[in-house]
Structure formats: structure tokens, C-alpha cells
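Each remark here refers to the structure printed beneath this line.
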Amino acid sequence: MLEDLSIKDFALIDAASVEFDGGFTVLSGETGAGKSLLIGALTFLLGGKAGVEQIRSGAHESVVTGTFYLGKTPAVIRELAPEDEAQNAFEWLSQHGINIEDNRVLLRRVIRENGKSGSWISGTAVTRADMAEFSSFLIDIHGQHEHQSLMKVSEHRKFLDSYAGLTERVADFTELYSELVAKRKLLDELNTDDRDRAQRIDLLNFAVKEITEAKLKPGEDSELDDEETKLSSFEKLYSDIEAINSVLSGGEGGAVVSMLKKLRAFADSASSSDKSLQKLAERLDSAFYEINDIAEEYKSYAQALVFDPERLAQVQERQTLIYNLKKKYASSVSSPISEVISYAEKAQKTLDELDGSSERRENLEKEIAELGKKVYLEAKAISQLRKNAATEMSAGVVSVLSALGMNGTRFSVSVAEKAGSSDAQKCGPHGIDDIEFLISANPGQPLQPLAKIASGGELSRVMLSLKTILCQSDASGESSVGTMIFDEIDTGIGGEVAVSIGSHLKKLAKNRQVLCITHLASIAVYADNQIKIEKTVVDGATQTHVRGISGDERVSEIARMLSGDAASSESLEHARSMLAKFGEAV
């Protein structure tokens, strides 16, 4: 259950702090006051997309926090591996190592002006995806236009599977079906034309033979480049080494080594006269020995330096071979030689597969036959469970629709086997069923597709009915959410229908916290609590304020919702009578 919500610098909201009670709560306010901003802030908190446009003008960041009470701790909290799927909020928190107190959790979300956002659950930083996953255990938000999903027949299956408790089983089936599709695709590849396969084998054999005979070594191309540079610039290298040796050791008295030797003698003499010069003399000694050692190594290098035109030709020939191989088998001539070696390895693996394709084809055909049978049997089992659930679901929706003012309405969840002459054609990633909602809103009229004939008001009530029976189907389960939010469920309705919806939401709130944005007084009077959203202008800036109302203030708000006049005695009296009749007397 949502206990409180704090909003800072979100859209038009400067600062707002709202406490929520259990039961049925309505949020009301004049058109344009920003009622949906509260839902927007809550959606943002629960892991919705974040954008800098959500930051209030003049502010540097938006911050939304909320406290949720998770209810009683389950008798058993499973220990889950990171890849396992949690079934409730307690399991999720345990799986992610997050500790809470008093079965309450604090969510916090921030979006900064640089576009970066952050999310925290009880002080532990989490990703936006984690926040969205966790919050799915807390709140179910029925958005203002969510009922439009009923216009998509593909969504109808999801509602039925959810009602029947088949969502996870169907997901497992989809994985099994995907495996079958992958094996069928592989078999098709193996069954390609023999001539094409033979040509491919010839090309691969040639490539493997050519690369293998080259006896390539990893890194060989870089080593050859270094050696070719040395051999092709022999004259310059020899000249440079001669010059170095001349400066270090050649010449009479002018060589660096000779000069350092003389300096050592002077330094030793000077340090015998002044002990403070001893360390400088030692450093000069070190320099002499280091330079002398360098000079000896350069002499040895010069003595071993021999021009080998034959080796240069061999290196350049090898470089040409590698260049041509890269041109054929690597992504570019500048790619490392490892790409050519890798190409040969992959080509050999493909050859092995193609050479043994007959045996593999037979094995694959057996695997496909066994897997296909398993897929079809599972699809049939799921189909039967869907048909059983469809009957119950249809009756449940009709019952709720009747309570919502749609007496005489017939509703049916159609579960029909897909068309096709074979099991493979009938089966799809979600089974063998075509599922669609059918409705007859008027007595005597035949059932027709809901997506084609229902009005906006009817769609809203059908969605509310579905939400209700889905809620009832898992009311005792640990996975059910504690809070349901309806953003303008009253779209396209009024009069007695609105009264029935208000009554229904109040009944729904007996087992769950229900929040509802509405502009209809006939729904608002049923609420246990009422929150008012107002828009004001302060110092030329528009702000939205959120606060709970009761007593005379609530009577005035109901009067405004009734007639647009919150001050007339007639409107106030009407509001009092409605609150006395449908809600708590004021």
C-alpha cells in the first residue's frame, strides 16, 4: 500500500507531500489543474522513462520519493539465484540483498538537468529496470488510454493467460517453440541443393589448404614488418651506429667515455679535499660505468651488423603472401593475421559439418519430430486450460459489467484453433489458439468482436471488469499488488453508469488500496478519502498543489464537480445529500 508520496520540482509541482490511507481515494480538481501530474510523478518514481523536460522550470533536478507498506511477511521467502524470478516483493528484496524495516520500503528517484537519473530502494542504488521490476509487485496503474489495448486482439491472449495463471507456462512454451523453429531452419540449410553444397565444399577446401600451407603464426606479420624495416634501411642504420660509436669511444680525447674517465679523476681529487663532494663523485662514477657499458653494447651490435639482401627478399616475399591472404580472408589488409587463421578454423569446422551432413540431417529430423510432438502436446494442454478459464472469465466479466450498468450485456472469450492443414501450421509462438473478446451490448444482437464495435465508455467498463476479475483471481496470492490506480476510468460515461462504477470501486477497495482520478461527483462521493489538485500562479509562475480535503471543504469540491459552482446553496445541499447517501455523512 502506498503510504506517502513526496514530490519536489516535478513539472509544475514546486513541492508536494501527500499521505494516503487505505480504501478508496479519489483525486479531483478543475480541468487543467494537473491531476495527471501526480500519476506522472508516481509513474516516474516506479521506473518510468525520465527526461529533463520533467524538471520544473528554474530547478536543477526533480526528486520523487514514496513509502510503501508491503503487508505481512510471507510464511516462506525462497532463496533465489540471480537468474531466478521472484514471485513477490519480499523475494525480490531478498534476492537483491536489500534490507527493510517494519515491512516498509522507501523508493526514491531523481532526474538531473544533465539528463542523468538515479533510483534507490531503501537507500540501495538500483537501475531503472530494477525499479520498474520491483514496483510491479506494488502498484497496478490503469492509464487514461490503457483501455485502447482492448482494440488490439493480440492483447486479448495476455488477459486470458493472466487470468488462467498461464503467463509463465506460455513463456516457457515460447522458448520451446523457438528451439523447434531454430532446428527446422538448420534442417532447411542442410537440405540445400547438392551442387551448391559441393561448390561450397570446394571453396572451403581451397581456403583451408591455402592458409594451412602458409604455416602462419600469430603476430608474424608485425615481426616481418619490423625486420623488413631494419633490412631495407641498412645503410642508414649502419651510419647511425658508426656515428654513435665515434661519439662514445672514437677519437683522441674527445670521446664521451674518455672525457668521463678524466672527469672521474678530477672528481676523486676534489672530493678528497672536500668530503661534501663525495656523493657527486659517486654519481659521476655511476654515469661513467653506465655510458661505458652502453658503448660496449653498441660496439658488439656494430660487429654483428651484416647486410643480408637474400634475407630481405625472403621477408618481402613472405609479406606479399600474407598480404594476399588477408585480402582474401580477412576484413581488410590492415587486419591482424589472426583473422586469417580464424577464417581457416571456421572453414574447417563448416567442412566437418557439411561432410557429416547426411548423418546430422537424420539426427536433426529425429530431434525435430520429437520436439514437434512435445510442442504440439503442450500447445493442446495450454489450449484446454485456456478454454476452461475462458468460460469462467466470460461469466466474471458479465457479472461485473452488470454491476457497472451494462445489464443484458453478453461477453465471451473466444478460443479457437488456428487455421492450418498440419500441426506445424496451426502452432505459433504462443500456442495453437486464436483468442478474441466478443461482446453484445444490446439484447438480441449477436456476439461481435469487441475491438470493432465497442464505444469508449464500454471499453472503459470492460477494462475495469477485466482488472476486477484479474484482481479477484489472485486476491489470496502473494503476487497480487496492494494498490490499484485508475486514471480517468470515467472516460465517456456519466449518470447511473458513473454511480455504478463508484460503487464498484468502493467494493474493490475493501481488499486493496484504490486510487482514482475522476471529474465525476457521482464517483467521488463513494470515496473514503479525497485529494484535491489545484493550480495557482505565484510571482508569475504556474504551480500545482496537492492536498487532502475533508469536511466542508470536501462538500464544496463535490458541489463544484456537480455544477461548476462550489458556493451556491443548491449545489452544496446536493453535495451533502450525495455524500450522506453514497459516502460518509458530513
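A few notes on this one:
- Apportionment of accessible area to carbon and sulfur, the chain, percent (1.4 Å): 50 percent
- Mean-position separation - Cα centroids, the range 313-348 and the range 351-422, in angstrom: 52 Å
- Per DSSP, loop trypsin sites (Lys or Arg not before Pro) in the range 196-268 with at most 11 further Cβ within 10 Å: 215
- Cβ-based net charge around residue 174, under 13 Å, with every Lys or Arg adding one and every Asp or Glu removing one: -3
- Legend: residues 92, 120, sorted from most to least accessible area (1.4 Å probe; ligands, DNA and RNA excluded), read 120, 92.
- Surface per residue (accessible, 1.4 Å probe) for the chain, Å²: 53 Å²
- Counted charge near residue 285, where neighbours are those whose Cβ lies closer than 11 Å (Asp, Glu -1; Lys, Arg +1): +1
- Here residue 159 sits with roughly 30 square angstrom of accessible surface, probe radius 1.4 Å.
- Unit charges at the beta carbon, dipole of the chain: most positive-side option, 390, 255, 55: 390
- Gained length - residue 328 relative to residue 563, 0.36 nm times residue gap less alpha-carbon distance: 76.4 nm
- For residue 98, distant residues with modelled amide H under 5 Å away: none
- 3J(HN,Hα) along the range 121-133: 10, 6, x, 9, 5, 9, 7, 4, 4, 4, 4, 5, 5 Hz, from the Karplus curve 6.51 cos²θ - 1.76 cosθ + 1.60 with θ = phi - 60°, whole Hz, x for Gly and Pro.
- Annotation: amide H-H contacts under 5 Å for residue 482 (H modelled 1.01 Å from N, sequence separation of 5 or more, or interchain): none.
- Relative to the 2.2 N^0.38 Å rule of thumb, the range 170-326 has a C-alpha radius of gyration ratio of 2.20.
- Length gained on full extension, residue 124 to residue 299: 56.4 nm, using 0.36 nm per residue less the C-alpha separation.
- Listed values [x] 44; [y] 51; [z] 19, entry calculated as percent of Cα pairs over 44 Å apart: [y]
- Spatially proximal lysines relative to residue 261 (Cα-Cα < 24 Å; intrachain offsets below 8 disregarded): 275, 279, 299
- Spin-label model distance (nm) - residue 202 vs residue 503, 7 Å beyond Cα toward Cβ: 8.5 nm
- HN-Hα J in Hz across the range 153-161 - Karplus 6.51, -1.76, 1.60, θ = phi - 60°, x for Gly and Pro: 4, 4, 7, 4, 4, 5, 4, 5, 4
- Residue 13 long-range amide H proximity, modeled H, under 5 Å: 544
- Solvent-accessible surface (1.4 angstrom probe) belonging to residue 1, in square angstrom, nearest 10: 60 Å²
- The order of the peptides 320-326, 412-418 by mean Cβ neighbours within 10 Å, most packed first, is 412-418, 320-326.
- Normalised by the number of residues in the chain, the mean separation of alpha-carbon contacts (under 8 Å, six or more apart) gives a relative contact order of 22 percent.
- Separation between Cα centres of the range 227-281 and the range 206-224, rounded to whole Å: 45 Å
- Accessible area per residue was computed with a 1.4 Å probe on protein heavy atoms; residue 539 scores about 150 Å².
- Positive end of the dipole of the chain (Cβ unit charges, origin at the Cα centre): among 577, 203, 315, the Cα lying farthest that way belongs to 577.
- Given charges at beta-carbon only (K, R positive; D, E negative), |dipole| of the range 292-351 in Debye: 600 debye
- Sorting 345, 168 by accessible area puts them as 345, 168; the probe is 1.4 Å, largest comes first, and only protein heavy atoms count.
- Farthest toward positive dipole pole in the range 100-179 [+1 Lys/Arg, -1 Asp/Glu at C-beta], among 142, 164, 178: 142
- Between the alpha-carbon centres of the range 529-546 and the range 73-97 there is a gap of 41 Å.
- Each Lys and Arg contributes +1 and each Asp and Glu -1, all at the Cβ; summed about the Cα centre of the chain, the dipole is approximately 1640 debye.
- For the range 408-415, backbone phi angles converted through the Karplus equation (6.51, -1.76, 1.60; θ = phi - 60°) give residue-by-residue couplings of x, 6, 10, 9, 9, 9, 7, 10 Hz, Gly and Pro being listed as x.
- Charge dipole (debye, nearest 20) of the range 1-150; +1 at Cβ of Lys and Arg, -1 at Cβ of Asp and Glu: 340 debye
The values are calculated or read from the model by the stated rules, or taken from the named source; none is laboratory data. As the structure is a prediction and not an experimental result, all values here were calculated from the model. Every residue, glycine as well, gets a Cβ built from its backbone with ideal geometry; the counts of neighbours run over all protein chains shown. Quick note on the areas: whole protein, heavy atoms, side chains included, nothing else; ligands and nucleic acids left out. Shrake-Rupley method; radii C 1.70, N 1.55, O 1.52, S 1.80 Å.
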